[in-house]
Amino acid sequence: MQAKRFISSVAVLLVLAGCGSQRTQEAAVRNPAEVKAEIVRLLPAKTVDRQGWATDIQAAFAAQNISPTTQNLCSVLAVTEQESTFQVDPSVPGLGKIARDEIDRRAAKAHVPGLLVSAALQLKAPGGKSYSDRLNAARSEKELSRIFDDFINMVPMGQTLFGGFNPVHTGGPMQVSIDFAEQQAKGYPYPVNGSIRQEVFSRRGGMYFGIAHLLGYPVSYQQPLYRFADFNAGWYASRNAAFQSAVSRASGKTLALDGDLVLHGSIMPGTTELAVRSLGKQLDMRNPTIRAQLEQGNSLAFENTKLYRRVFALAEKAEGRSLPRAVLPGIELKSPKITRKLTTAWFAKRVDERYQRCMARAK
């Protein structure tokens, strides 16, 4: 009996090891020069300063102890190509108007009078132009963010009144969230000249935090496609969307497959939690336990909860077949820069096409 348990334990470990291809991977240590040489080969043909890109990407992998497998390298290159076509600070058409509209929107949400915002923006910047004129002339997010930082430092009570109005919340060659970068700043290997926000707009910082967002968390996905979706929608969004689909099938309730399992910051149950609660008797679980386990939805550990296993068991019994453990989230992309209808699925598939081309170059 003990021998059987031992064999079963070994089998489980082997299965988990097989899932490691999509986790923060352990592989044979590679020489930095070898990694940089491979990156140079894999970069799209028209990339400028290939050695510089290779140096910063290799350094980011090494600093975060992420294995620079060909799959991981191609994943990073595919996202970067999609987001910026390897421009450190890409220009954005109509950025000035986008920025002003976003500032006005945030001001209205914070109940700051529009006249106050307009008057403040008419103040003269050190170069003689008004901040409004400088905003209108901005061509890149780095430039815009710097203008706004100058603005809130110069305007009376600027930080108090306008500190949360900076219209730039992503930046750099991988368009990583600045909030995410600030949360992940511990361990950043470079000296910070100014702020983490400013580091995001550099190649080294943008790649470091972008790689952290894409690869710096363990998953059980069998395809990189779902990491690409998570890069856009948030960690574990694809896994959580599959769980929501299973809840919907088991409960008969229609749910948005957005990856959000609970209303964060609120004790009130959201639609997903209410649907799970309706299965409480079948799951043999009380509401507090359901809530506690749903709150693990931002970690790999959620897959080991009773709730996760029992919901899939119910759904698969109802469907008479096994169900996927990852699906592309059904999220429409919202951003002041987006002028047409796009979705997380569209983003993930576009990145995956670039990833496949990169893997073909590797062969």
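The values are calculated or read from the model by the stated rules, or taken from the named source; none is laboratory data. Keep in mind that this is a model prediction, so the values were computed, not measured. For neighbour counting, all protein chains shown are included, and Cβ atoms are generated from backbone atoms with ideal geometry for every residue, glycine included.
If you take the residues in the stretch 208-251 that are among the aromatic types (F, W, Y) and surrounded by 23 or more Cβ atoms within 10 Å (Cβ to Cβ), which one is nearest to L300 (Cα to Cα)? Ranking the qualifying residues of the stretch 208-251, first place goes to Y236. Of the listed requirements (1) at pLDDT 95 or above; (2) farther than 24 Å from R350 by Cβ; (3) not in a helix (DSSP H, G or I), K36 misses just one: (3). For Q198, the conditions (1) outside the structural domain of S278 (by TED's automatic domain parsing); (2) under 27 Å from L328 (Cβ atoms) all hold with the exception of (2).
Within the stretch 215-222, is even one residue β-branched (V, I, T) and more than 24 Å from I66 (Cβ to Cβ)? No, the stretch 215-222 contains no residue that is β-branched (V, I, T) and more than 24 Å from I66 (Cβ to Cβ). Among the residues of the stretch 176-194, those identified as touching a residue at least 12 places away in the same chain (Cβ under 8 Å) and of a type outside the set (F, W, Y) are V176, S177, I178, A181, E182, Q184, G187, P189.
Only one entry of V219, V192, V168 meets the criterion of being over 30 Å from N304 (Cβ atoms), modelled with pLDDT of 85 or more and not in a helix (DSSP H, G or I), and that entry is V192. Is there a residue being surrounded by fewer than 17 Cβ atoms within 10 Å (Cβ to Cβ) and of a type in the set (A, V, I, L, M, F, W, C) anywhere in the stretch 71-88? Looking for residues that are surrounded by fewer than 17 Cβ atoms within 10 Å (Cβ to Cβ) and of a type in the set (A, V, I, L, M, F, W, C), one finds none in the stretch 71-88, hence no.
Listed by first and then second residue, the pairs linking a residue in the stretch 210-226 that is in the same structural domain as Q58 (by TED's automatic domain parsing) to a residue that is small (G, A, S) and buried (at least 20 other Cβ atoms within 10 Å of the Cβ), with Cβ atoms under 6 Å apart and 6 or more places separating them unless they lie on different chains, are I211/A60.
Which residues, taken from the stretch 100-117, are aliphatic (A, V, I, L, M) and touching a helix residue (DSSP H, G or I) at 6+ places or on another chain (Cβ under 8 Å)?
Matches in the stretch 100-117: I103, A107, A108, V112, L116, V117.
Can G259 be described as within 17 Å of L328 (Cα to Cα), in contact with a Lys or Arg (Cβ under 9 Å, 6 or more places away or on another chain) and either touching a residue at least 24 places away in the same chain (Cβ under 8 Å) or of a type outside the set (F, W, Y) (or both)? Yes, satisfied. Restricting to the stretch 45-57, and then to whatever is in contact (Cβ under 8 Å) with a residue 12 or more places away in the chain and either within 23 Å of the chain's Cα centre (by Cα) or part of a helix (DSSP H, G or I) (or both), can you tell me which residue is surrounded by the most Cβ atoms within 10 Å (Cβ to Cβ)? By that ranking, first place goes to I57.
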